[in-house]
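Reading through the structure tokens given below for one structure.
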Amino acid sequence: MPLETPLGPATSVGPILIEGRGLGHAFEYPLFDNIDLAIASGEKVAVVGVSGSGKSTLLHILATMLPPKAGRVKLLGQDIYALSPKEQLAIRRYEIGIIFQFHYLFKGMTGAENLEIAALLAETSVDRALLERFGIADVIDQRVTELSGGQQQRVSIARVLSKNPRLIFADEPTGNLDDETAHIVMDALFDHVDRVQGALFLVTHDERIAETCDRVYRLEERRLERVW
């Protein structure tokens, strides 16, 4: 039986692209248990919650970065943790874009060089119009260390979009941005998901940003509850 989306069964709005069943994880203490979540083609889903609730851990599990202690994850119809490391790497390279809370840019390079490396690995090209939209076209040739935190964040997001991924996982993508720029970035992410008929999974403290998504969940007391 398909998991539910805001429009009914996921199959009614498109194929399920991201699916977690019975997910559970713990470090020194339990984070969450028995989480079910499905995201269909074209959907944007957000998870909010306090620090330490497990939001980023859930994102890492869904994004192929951390095998869960319990449950399974299917991306694009494949049981991701049953694949070989080589097969997982191919999915990360060509199908997945991950926006981290911290930029993880190559500090010794310019913003443009960071974008070019990502595009080269994914066999795509850098979209200059996106740089204009993000307001970083005039600074993209500067070294990363010369950019402000907000500019670095926009370069980081542009780097992800340069890969042209179908699945985007975003951890606090607007944390270093003012309100106006945050909405410009979110609009670009939404436009990308709509264009490729992909999916967005977002974790954030900012409930105003979360509420721009199709669905919002809260992760607390080890459970994932729908709030929007």
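A few notes on this one:
- Among the criteria (1) within 18 Å of Gly198 (Cβ to Cβ); (2) out of contact with any Gly (no Cβ under 6 Å at 6 or more places or on another chain); (3) in a strand (DSSP E or B), the one Val73 does not fulfil is (2).
- Here segment 209-228 is the region considered, the condition is being in contact (Cβ under 8 Å) with a residue 40 or more places away in the chain and assigned to a strand (DSSP E or B), and the residue that is most open to solvent (accessible area, probe 1.4 Å) is Arg223.
- Verdict on Ile98 being within 28 Å of Gly175 (Cβ to Cβ) and in contact (Cβ under 8 Å) with a residue 60 or more places away in the chain: yes
- If the condition is being open to solvent by 70 Å² or more (accessible area, probe 1.4 Å) and hydroxyl-bearing (Ser, Thr, Tyr), then segment 119-145 contributes Ser125, Thr145.
- Residue match in segment 161-177 (condition: under 19 Å from Leu59 (Cα atoms), open to solvent by 80 Å² or more (accessible area, probe 1.4 Å) and more than 13 Å from the chain's Cα centre (by Cα)): no
- Residue list for segment 146-159, restricted to those being within 12 Å of Ile98 (Cα to Cα) and open to solvent by less than 10 Å² (accessible area, probe 1.4 Å): Ser156, Ile157, Ala158
- Residue in segment 54-84 that is surrounded by the most Cβ atoms within 10 Å (Cβ to Cβ), counting only those that are hydroxyl-bearing (Ser, Thr, Tyr) and over 19 Å from Ile99 (Cβ atoms): Tyr81
- In segment 171-205, the residues that are among the acidic types (Asp, Glu), touching a residue at least 60 places away in the same chain (Cβ under 8 Å) and part of a loop (DSSP other than H, G, I, E, B): Glu172
- Considering segment 95-118, the residues that are in contact with an Asp or Glu (Cβ under 8 Å, 6 or more places away or on another chain) and of a type in the set (Phe, Trp, Tyr) include one that is least open to solvent (accessible area, probe 1.4 Å), namely Phe100.
The values are calculated or read from the model by the stated rules, or taken from the named source; none is laboratory data. Note that the structure is a prediction, hence the values are computed from the model and not measured. All Cβ positions, glycine included, derive from the backbone under ideal geometry; neighbour counts span all protein chains shown. SASA here: full protein model, heavy atoms, side chains in, ligands and nucleic acids out. Shrake-Rupley method; radii C 1.70, N 1.55, O 1.52, S 1.80 Å.
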